[in-house]
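Asker: Sending over a structure as structure tokens; questions will come in a sec.
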Amino acid sequence: DIPNLASTLGTSYDVGAAIDLSALNPQDPHAQLLVKHFNSITAGNFMKIDAMQPREGEFVWSDTDRLVEFAENNNMRVRGHTLVWHSQVPEWFFTSPDDASQPATREQLLARVKTHIQTIMQRYQGKVHTWDVVNEVISDGGGLRNEASGSKWRDIIGDVDGDGDDSDYIELAFRYAREADPNAVLVINDYGLEGSVNKLNDMVELVENLLAKGTPIDAVGFQMHVSMYGPNVQQIREAFERIVALGVNIQVTELDVSIYSGSSEQEKPVTDELMMQQAYRYKELFDLFQEFDQRGVLDSVTVWGLADDGTWLDNHPVQGRKDAPLLFDRKLKAKPAYWALVDATTLP
Ligand code: G3I
């Protein structure tokens with residue numbers, strides 16, 4: 001076996017990367033980078049709802065079949081991202097099948113989400129081992145994301161069993177998923193949990209409540225779009241602890257380490273010194289992951305992109321500034337952050 005990051009680091013968790021379709025083309029150098037360093041793959045976009053089912057009942061399998069085949073051929077595993085999300089959902093999903101000017105009813109939306117989840121999960125049973133069943137359900141302002149904070153799911157489905165709780169669409173999504181593939185690891189995924197205590201509190205309360213009702217949640221995914229400057233390791237450790245205390249595992253699902261401290265910082269040059277500072281940051285994060293790995297509660301760590309040339313952060317809404325948040329640079333060369341992980345003696 002060729003050593004990859006997981007085997008070099010001796011982790012029992014997978015070390016994966018999110019990719020674009022082009023990385024599955026063996027002629028593309030990204031494919032070589034992927035196979036050489038990672039043992040898990042996540043589709044950065046092409047397993048989302050709009051890609052999988054652009055029109056009702058028309059599932060698009062070509063790209064995801066390729067992904068699964070590529071992973072099989074290269075002895076890698078696949079994380080599925082994502083089945084229920086408020087973003088990248090085609091319009092038809094939430095509209096009435098009879099009158100496109102009307103919203104779908106609760107029953108219509110539930111039937112659609114069940115079909116969506118089960119058709120995809122059954123096709124990839126045993127091939128996609130983990131699924132982000134629901135993504136980003138907590139709103140930044142507190143509570144479940146709703147129409148006002150950009151999601152139609154909660155408002156249309158609401159409180160199905162009349163117990164005064166409006167998280168039923170989440171509970172049902174997990175139940176449909178478990179029914180479709182009893183062996184898949186089922187994840188509730190979100191961003192900012194490590195940085196916002198309010199958001200973490202909401203997640204803890206939600207998961208606690210769902211577990212109490214027997215909802216089959218196996219892990220909480222921390223996206224971890226963090227910065228070189230924060231949140232600090234102790235805060236992240238405490239956030240992980242809160243989730244582990246609930247009796248579910250943690251996953252790091254979309255790690256990247258921005259060189260900016262916040263959205264208002266101006267574009268800056270990517271200096272050697274900056275990259276060295278970033279290396280220390282990556283190192284301290286992976287040291288933290290190791291603590292949780294040793295306790296057997298961390299399933300996987302995925303970086304959100306193979307190399308800096310493909311980071312989503314370059315499309316930053318505020319000012320289109322370039323970032324450099326990953327382990328490999330724009331020429332696909334290993335950065336100090338990579339070397340810091342595989343050999344700490346490279347750090348000055
Ligand atoms: O495919 C089109 C292409 O045809 C067109 O030329 C180009 C011009 O804008 O756009 C391309 O689509 C873009 C797509 O990324 C592929 O690059 C979309 O506009 C753009 O919205 C989309 O952004 C993705 C974003 O999710 C959408 O919500 C990012 O790549 C992807 O990295 C990002 O991933 C999310 C996770 O799923 C959930 N957590 C946060 C994370 C970062 O936002």
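Asker: Check off (1) over 14 Å from HIS129 (Cα atoms); (2) under 18 Å from the mean Cα position of the chain (by Cα) for LEU206 and give me the number that stays unchecked.
Answerer: (2)
Asker: How about region 294-339: which of its residues are in a loop (DSSP other than H, G, I, E, B), within 15 Å of the ligand (Cβ to nearest atom) and of a type outside the set (S, T, N, Q)?
Answerer: Quick first cut of region 294-339, residues in a loop (DSSP other than H, G, I, E, B) only: 295-297, 304-307, 311, 316-327, 329-333, 335.
Subset that is within 15 Å of the ligand (Cβ to nearest atom): 304-307, 311, 316-318, 320, 323, 325-326.
TRP304, GLY305, LEU306, ALA307, HIS316, PRO317, VAL318, GLY320, ASP323, PRO325, LEU326 - these are the residues of region 294-339 that are in a loop (DSSP other than H, G, I, E, B), within 15 Å of the ligand (Cβ to nearest atom) and of a type outside the set (S, T, N, Q).
Asker: Sticking with this one: Does region 170-178 contain at least one residue that is more than 16 Å from the ligand (Cβ to nearest atom), assigned to a helix (DSSP H, G or I) and free of Cβ contacts under 8 Å to residues at least 24 places away in the same chain?
Answerer: No, that holds for no residue.
Asker: For region 115-154, which positions are without any contact (Cβ under 8 Å) to a residue 60 or more places away in the chain, surrounded by fewer than 18 Cβ atoms within 10 Å (Cβ to Cβ) and part of a helix (DSSP H, G or I)?
Answerer: Answer for region 115-154, where residues must be without any contact (Cβ under 8 Å) to a residue 60 or more places away in the chain, surrounded by fewer than 18 Cβ atoms within 10 Å (Cβ to Cβ) and part of a helix (DSSP H, G or I): THR115, GLN122, GLU147, ALA148, SER149.
Asker: Give just the number: which of (1) surrounded by 15 or more Cβ atoms within 10 Å (Cβ to Cβ); (2) within 16 Å of the ligand (Cβ to nearest atom); (3) not polar (S, T, N, Q) does GLU91 not satisfy?
Answerer: It is condition (1) that GLU91 fails.
Asker: Also, quick follow-up: Among the residues of region 207-218, count how many are under 19 Å from GLN251 (Cβ atoms) and out of contact with any strand residue (DSSP E or B) (no Cβ under 7 Å at 6 or more places or on another chain).
Answerer: Adding up the residues that qualify gives 4.
Asker: Right, GLY247: modelled with pLDDT of 95 or more and on the phi > 0 side of the Ramachandran plot or not?
Answerer: On the way: modelled with pLDDT of 95 or more: yes; on the phi > 0 side of the Ramachandran plot: yes.
So GLY247 passes the test.
Asker: Exactly one of (1) farther than 24 Å from ASN198 by Cβ; (2) surrounded by 15 or more Cβ atoms within 10 Å (Cβ to Cβ); (3) within 16 Å of the ligand (Cβ to nearest atom) is unmet by TYR260. Its number?
Answerer: Only one criterion is unmet by TYR260, namely (1).
Asker: Assuming ALA100 fulfils every condition listed in (1) part of a helix (DSSP H, G or I); (2) at pLDDT below 95 apart from one, which condition is it?
Answerer: (1)
Asker: Also, I was wondering about something else. Name the one entry in VAL233, VAL197, VAL185, VAL226 that is within 16 Å of the ligand (Cβ to nearest atom) and either surrounded by fewer than 19 Cβ atoms within 10 Å (Cβ to Cβ) or among the aliphatic types (A, V, I, L, M) (or both). Outline the logic, then answer.
Answerer: Values: VAL233 fails: within 16 Å of the ligand (Cβ to nearest atom); VAL197 fails: within 16 Å of the ligand (Cβ to nearest atom); VAL185 fails: within 16 Å of the ligand (Cβ to nearest atom).
Being within 16 Å of the ligand (Cβ to nearest atom) and either surrounded by fewer than 19 Cβ atoms within 10 Å (Cβ to Cβ) or among the aliphatic types (A, V, I, L, M) (or both) holds for just one of VAL233, VAL197, VAL185, VAL226, which is VAL226.
Asker: Now a separate question. I need the helices (runs of 4 or more DSSP H) fully contained in region 1-87, keeping only those with at least 3 residues that are out of contact with any Pro (no Cβ under 9 Å at 6 or more places or on another chain), within 16 Å of the ligand (Cβ to nearest atom) and among the small types (Gly, Ala, Ser). Spell out how you get there, then give the answer.
Answerer: Values: elements: 5-9, 29-37, 49-52, 62-73.
Hits in region 1-87: none.
The values are calculated or read from the model by the stated rules, or taken from the named source; none is laboratory data. Everything quoted here is computed from the prediction, not taken from an experiment. Please note: Cβ atoms are built from the backbone with ideal geometry, for glycine as well, and neighbour counts cover all protein chains shown.
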